[in-house]
Amino acid sequence: MTALAVSAAPKEGDELFVPFRDATTGVETYEVGRYLTMPFRRQGSPYVLDFNAATNPLCNYSPHYNCPIPPRENRLTVPIRAGEMTYPKPH
(Lines give C-alpha, C1' and ligand atoms only; values in the text may rest on other atoms or scores of the structure.)
Protein backbone atom coordinates (compact mmCIF):
# COMPACT_ATOMS: atom_id res chain seq x y z
CA MET A 1 0.00 0.00 0.00
CA THR A 2 1.10 3.54 -0.64
CA ALA A 3 0.81 6.11 2.14
CA LEU A 4 0.97 9.79 1.22
CA ALA A 5 2.64 12.43 3.39
CA VAL A 6 2.20 16.21 3.43
CA SER A 7 5.88 16.70 2.59
CA ALA A 8 8.74 14.82 0.91
CA ALA A 9 10.49 14.57 4.29
CA PRO A 10 7.82 13.86 6.91
CA LYS A 11 8.67 14.22 10.58
CA GLU A 12 7.62 11.86 13.34
CA GLY A 13 3.96 12.54 14.17
CA ASP A 14 3.07 14.02 10.74
CA GLU A 15 -0.09 12.53 9.28
CA LEU A 16 0.02 9.86 6.59
CA PHE A 17 -2.96 9.50 4.25
CA VAL A 18 -3.88 6.09 2.81
CA PRO A 19 -6.70 6.15 0.23
CA PHE A 20 -7.91 2.67 -0.73
CA ARG A 21 -10.54 0.69 -2.59
CA ASP A 22 -11.61 -2.87 -1.83
CA ALA A 23 -14.19 -5.42 -2.95
CA THR A 24 -16.95 -3.51 -1.09
CA THR A 25 -16.29 -0.23 -2.95
CA GLY A 26 -19.39 0.98 -4.79
CA VAL A 27 -21.55 -1.77 -3.27
CA GLU A 28 -21.35 -1.58 0.52
CA THR A 29 -19.08 1.47 0.68
CA TYR A 30 -18.66 4.76 -1.17
CA GLU A 31 -17.96 4.36 -4.90
CA VAL A 32 -14.65 6.28 -4.93
CA GLY A 33 -13.10 4.48 -1.95
CA ARG A 34 -12.31 5.13 1.69
CA TYR A 35 -9.42 6.63 3.63
CA LEU A 36 -7.17 5.86 6.55
CA THR A 37 -4.91 8.29 8.37
CA MET A 38 -2.10 7.44 10.75
CA PRO A 39 0.89 9.16 12.31
CA PHE A 40 4.27 8.87 10.59
CA ARG A 41 6.84 7.10 12.76
CA ARG A 42 10.19 7.02 11.01
CA GLN A 43 11.52 6.03 7.61
CA GLY A 44 11.35 2.26 7.11
CA SER A 45 9.06 1.58 10.10
CA PRO A 46 6.50 -1.19 9.59
CA TYR A 47 2.85 -0.20 9.96
CA VAL A 48 -0.30 -2.10 10.84
CA LEU A 49 -3.36 -0.77 9.03
CA ASP A 50 -6.43 -0.55 11.27
CA PHE A 51 -9.31 -0.71 8.80
CA ASN A 52 -11.75 -0.15 11.69
CA ALA A 53 -10.66 3.50 11.41
CA ALA A 54 -11.53 3.73 7.68
CA THR A 55 -13.62 6.79 6.84
CA ASN A 56 -15.67 7.97 3.90
CA PRO A 57 -14.29 10.95 1.98
CA LEU A 58 -15.97 14.34 2.40
CA CYS A 59 -17.23 14.16 -1.20
CA ASN A 60 -19.61 11.44 0.01
CA TYR A 61 -21.42 14.12 2.01
CA SER A 62 -21.16 17.23 -0.15
CA PRO A 63 -20.75 18.00 -3.87
CA HIS A 64 -18.41 20.86 -2.88
CA TYR A 65 -15.50 18.46 -2.23
CA ASN A 66 -13.31 16.57 -4.68
CA CYS A 67 -12.17 13.05 -3.85
CA PRO A 68 -8.62 11.80 -4.37
CA ILE A 69 -8.72 8.55 -6.29
CA PRO A 70 -6.76 5.73 -4.62
CA PRO A 71 -3.66 4.66 -6.56
CA ARG A 72 -3.69 1.27 -8.29
CA GLU A 73 -1.48 -0.33 -5.63
CA ASN A 74 -4.09 0.57 -2.98
CA ARG A 75 -6.88 -1.38 -4.69
CA LEU A 76 -7.54 -4.51 -2.67
CA THR A 77 -9.33 -7.51 -4.15
CA VAL A 78 -10.69 -8.64 -0.78
CA PRO A 79 -13.68 -7.07 1.01
CA ILE A 80 -12.87 -4.87 4.02
CA ARG A 81 -16.05 -4.87 6.09
CA ALA A 82 -14.76 -2.51 8.77
CA GLY A 83 -14.85 1.23 9.29
CA GLU A 84 -17.50 3.52 7.82
CA MET A 85 -19.79 1.94 5.29
CA THR A 86 -22.24 3.63 2.88
CA TYR A 87 -24.36 6.45 4.28
CA PRO A 88 -27.37 7.91 2.52
CA LYS A 89 -26.27 10.86 0.43
CA PRO A 90 -27.70 14.26 1.35
CA HIS A 91 -27.15 15.58 -2.21
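The values are calculated or read from the model by the stated rules, or taken from the named source; none is laboratory data. Because the structure is a prediction, the values reported are computed rather than measured. Methodologically, a virtual Cβ is constructed for each residue, glycine included, from the backbone with ideal geometry; neighbour enumeration extends over all protein chains shown. Heads up: the accessible areas ignore ligands, DNA and RNA and are worked out on the full protein's heavy atoms, side chains in. Shrake-Rupley method; radii C 1.70, N 1.55, O 1.52, S 1.80 Å.
Data table
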quantity	calculated
Matching residues in region 1-56 - criterion: being touching a residue at least 24 places away in the same chain (Cβ under 8 Å) and among the small types (Gly, Ala, Ser)	3, 5, 13, 23, 33, 53, 54
Pairs with Cβ under 6 Å, 6+ apart, first in region 59-73 and aromatic (Phe, Trp, Tyr), second surrounded by 13 or more Cβ atoms within 10 Å (Cβ to Cβ)	65/59
Verdict on residue 67 being open to solvent by less than 40 Å² (accessible area, probe 1.4 Å), at negative phi and part of a loop (DSSP other than H, G, I, E, B)	yes
